[in-house]
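See below for the structure under consideration.
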Amino acid sequence: MAAGANENSLTARCCIVGGGPAGMMLGYLLGRAGVDTIVIEKHADFFRDFRGDTVHPSTLQVMDELGLIDDFLKIKHDRIQKMDGFFGTHKLRIADISRTSAKYPFIAFMPQWDFLNFLRDKAQRYPHLKVMMNTEATDLIWSGEQVVGVKAITQQGPVEIHADLTVACDGRHSIVRPAAKLEVEDIGAPMDILWFRVAKGAETESVFARLEPGKMMVTIDRGDYWQCAYVIAKGHYEEIKVRGLEAFRAETSRLAPILSAHIEELKSWDDVKLLTVAINRLKGWTRPGLLCIGDAAHAMSPVGGVGVNIAVQDAVATANLLAAKLAKGPVTEDDLGAVRRRREFPMRATQGMQVVMQNNIISRALAKGGEPLTPPLIMRLVSAFPPLQGLTARFLAIGVRPEHVQSPEA
């Protein structure tokens, strides 16, 4: 990395826009491979609530392959192996990760800012990686039809970062992809989520999801609090607010009685955040000199909590395919296309399963009418035959064609 003609210009082999899971993991891997890389993140820190915090066995395996797993698991986290749910009055076991072949057979619940801070701290040993906080991308730099870098704004003023490759990892609200005129295909989601937390004592339970006619809620045991996701039909938030906070507290504690002791901690609607759910994907992931990965290329539904892990898998595949080439010079459009070809099938398969879940379970649960809910046959079979719980857990926790670290270490 080097300064240009003035302090407002930097050069690197690769500029990564966005310091989320895809961006920080790719930055770590490229820095590890000796590729001059700059990661820019618009915020001053990684502390943002309501980000995905499920670290699946596939990501734990990547951390193991990087030699980071022992230190990583020293970070405070909670673990889950078995996932149960109430479908109407029927209690079912949805998945059992202990029945998979995963080396780390559990999901770790860890605040995403701890995950990202860990990667940034460990990456400091690599002189080829520079992480710039408080640096917001505003536009792309073009040379004809070729993307040759990023324009950004810092606390000190504007900066231009010139790079052989720009990678957009700036999420579903990406600045980069509209600047590159990349077309988004909207798949749609029937729901939004009200996200809140409730304190807990010593009580615990393995119930993950609760579905009743017209209602659905997810509760995640985070040690000293319950992380709650109250699922609503898309566009119905204002209707719920009109009913009042007291009605909302009563409804959520009725759905999940384990919340009752502390539900009064919800003092106002400021304690309840609306998360707008979207599933979409780019029709093309690349322009000459530009690649999109993670949510910038394909926004995932929260179903299964796979978003962080799909982003990490994208980053690992990108480094596997491009790191050695980038260390020597620019990469071609075909090189960039290889990343899409590698990751498109797992992404489409995962989104496809999320759509099936949305259309056949979530939409049915949220439909008004009050008809008693009975679990679909496939869910009853999974609950009745424990070996099937390993299959559902494998799809959820390991994913379709998981990636393994093959990029070099300089």
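The values are calculated or read from the model by the stated rules, or taken from the named source; none is laboratory data. Everything quoted here is computed from the prediction, not taken from an experiment. When we count neighbours, we look across all protein chains shown, and the Cβ atoms used for this are built from the backbone with ideal geometry, even at glycine. Just the protein is used for accessible areas: all its heavy atoms, side chains included, with ligands, DNA and RNA removed. Shrake-Rupley method; radii C 1.70, N 1.55, O 1.52, S 1.80 Å.
Scan the range 69-91 for residues that are among the hydrophobic types (A, V, I, L, M, F, W, C), crowded, with 19+ Cβ neighbours inside 10 Å and not in a helix (DSSP H, G or I) and the total you get is 3. Would you please name the residue that is farthest from Q389 (Cα to Cα), looking only at residues in the range 82-111 that are touching a Lys or Arg at 6+ places or on another chain (Cβ under 9 Å) and of a type in the set (S, T, N, Q)? Looking at the filtered set, the residue picked out is S101. Among the residues of the range 142-164, which ones are closer than 22 Å to K328 by Cα, in contact with an Asp or Glu (Cβ under 9 Å, 6 or more places away or on another chain) and of a type in the set (A, V, I, L, M)? Result: V148, V150, A163.
Of all residues in the range 283-298, those that are closer than 15 Å to R348 by Cα have Cβ atoms under 9 Å from Cβ atoms of residues that are part of a loop (DSSP other than H, G, I, E, B) and of a type in the set (F, W, Y), 6 or more apart or on another chain, in I293/W285; A296/W285; A297/W285; H298/W285.
If you go through the range 190-214 and keep only what is more than 22 Å from A278 (Cβ to Cβ) and out of contact with any His (no Cβ under 9 Å at 6 or more places or on another chain), you end up with R197, A202, E203, T204, E205, S206, V207, F208, R210, E212, P213, G214.
Within this structure, Q156 fails the test of being open to solvent by 30 Å² or more (accessible area, probe 1.4 Å) and at pLDDT 95 or above. Within the range 259-280, the residues that satisfy the criterion of being surrounded by 18 or more Cβ atoms within 10 Å (Cβ to Cβ) and either among the charged types (D, E, K, R) or part of a helix (DSSP H, G or I) (or both) are L259, I263.
In summary, strands (runs of 3 or more DSSP E) completely within the range 102-214 and bearing 3 or more residues that are over 21 Å from the mean Cα position of the chain (by Cα) and within 16 Å of A22 (Cα to Cα) occur at 129-132. When you look at F118, is it farther than 14 Å from A393 by Cα, at pLDDT below 95, open to solvent by less than 40 Å² (accessible area, probe 1.4 Å) and touching a helix residue (DSSP H, G or I) at 6+ places or on another chain (Cβ under 9 Å), yes or no? The answer is no for F118.
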